[in-house]
Structures are given as C-alpha cells and as structure tokens.
Amino acid sequence: MATPSIKVGDEVPQGTFVYVPYTSELAEASACGIPTKVSTDAWKGKKVLIFAVPGAFTPSCHANHAPPYLAKLSELKGKGIDEIAVLSANDPFVLSGWSRILGFEDKILALSDPDTAWTSKLGLTVDLSGAGIGLGKRTTRFALVLDDLKVKYLGVEPDPTQVTVSGVDAVLSNI
C-alpha cells in the first residue's frame, strides 16, 4: 500500500498534468488530438474531485472504477464538485482514447501525470514492476477531493486492484 505524505487539511503541492482536450473531431476513432497542459493552479477557488487509476484499460480501472463516476456525475455536481478528473501515469494519448471509449467527452478530464511527478509528491505511487506486464511505477488507486487546493477527502486503496474507498459511492458519502 502507498504511504501518503498528504492528509486531509493539507494543501496539495503544485503539479502540472498533460491531457488531450475533448473536441468533436475526437469522435473519429483515428483522431489523436493535441496534448496541452493544465496545472493545479487552475483549481484555485474550485471544488475538484480526482480519482486515480494505475492504468487505463486495466480490469479494475476500466470496468469497476471509472464508469461509476460518469454514471453518478449529476450527483457529484449536485454536491458542489466543479471539476472531475481521472489521473494516471499513462501517456495523454492513451488516456484520451480510453476516456473516449468510456464516453467521458468533456465531462471528466483524463489527466496524465508524467513520470508520476505529482503523485510522487503526494506519496501515492505504486511499483507494479513485479507484475511482469510492463507496468512499472504508477499512480496508486485513490480518490481525492480538493476545495481551493485543500484536501477534504482522501481515500487510498490498501490493495490497488480493488475499488472501495476510492470509488464514487465512498466519495459521495464523504462530501
């Protein structure tokens, strides 16, 4: 299990992420889009929900973790969440393709944390090199609710293959 260096009440460190903004052209499967950057500075004064996954297209992430967030988007917005993002160490093109398959469009941002730079600052990485399938160092599975960059909820999975405290129902019951 990851040992978080951040806790409820802390302000998150500055971080920069890469993502491919959704446009109607991306409805075409062969389109790639153009990556851009966004930083945590964009979240000042906002209530932001980030759920992190070890990898796009992996079983728990693809089937159990990400889809319920889209299904309960209106409930999350009703509780004051301004922005929702999924975070992973995958590259922005993989995350764009994955988010399009899941139907996120512009509703949930798919943010790449290159080289786990930001999640390493939070102590929220996991080394999956031993899995033998080329995963290496990744973001661990967690959910984080920020209000003006301050942590209001942090749910880190003790087993990154499972979805409990980082799932949408756990988040909804804690915000």
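The values are calculated or read from the model by the stated rules, or taken from the named source; none is laboratory data. Nothing here was measured: the structure is a model prediction, and the numbers come from that model. Quick reminder, even Gly has a Cβ in these numbers, built from the backbone with ideal geometry, and neighbours come from all protein chains shown. Just so you know, the surface numbers come from the protein's heavy atoms only, side chains and all, with ligands and any DNA or RNA stripped out. Shrake-Rupley method; radii C 1.70, N 1.55, O 1.52, S 1.80 Å.
Looking at the stretch 72-109, which of the residues that are over 20 Å from LEU26 (Cα atoms), part of a helix (DSSP H, G or I) and touching a residue at least 60 places away in the same chain (Cβ under 8 Å) is least open to solvent (accessible area, probe 1.4 Å)?
Per the criteria, the residue is LEU76.
Among the residues of the stretch 23-34, how many are open to solvent by less than 50 Å² (accessible area, probe 1.4 Å) and in a loop (DSSP other than H, G, I, E, B)?
So the count comes out to 2.
Sort through VAL12, VAL38, VAL48, VAL20 and tell me the only one that's in contact with a strand residue (DSSP E or B) (Cβ under 7 Å, 6 or more places away or on another chain), within 18 Å of ASP91 (Cβ to Cβ), open to solvent by less than 60 Å² (accessible area, probe 1.4 Å) and modelled with pLDDT of 85 or more.
Step by step, each of VAL12, VAL38, VAL48, VAL20 is checked, and only VAL38 is in contact with a strand residue (DSSP E or B) (Cβ under 7 Å, 6 or more places away or on another chain), within 18 Å of ASP91 (Cβ to Cβ), open to solvent by less than 60 Å² (accessible area, probe 1.4 Å) and modelled with pLDDT of 85 or more.
If a residue has to be within 22 Å of GLY80 (Cα to Cα) and surrounded by 15 or more Cβ atoms within 10 Å (Cβ to Cβ) to count, how many in the stretch 157-169 make the cut?
So the count comes out to 4.
Of a type in the set (A, V, I, L, M, F, W, C), within 22 Å of SER99 (Cα to Cα) and at pLDDT below 80: which single residue out of VAL163, VAL171 fits that description?
On inspection, the qualifying residue turns out to be VAL163.
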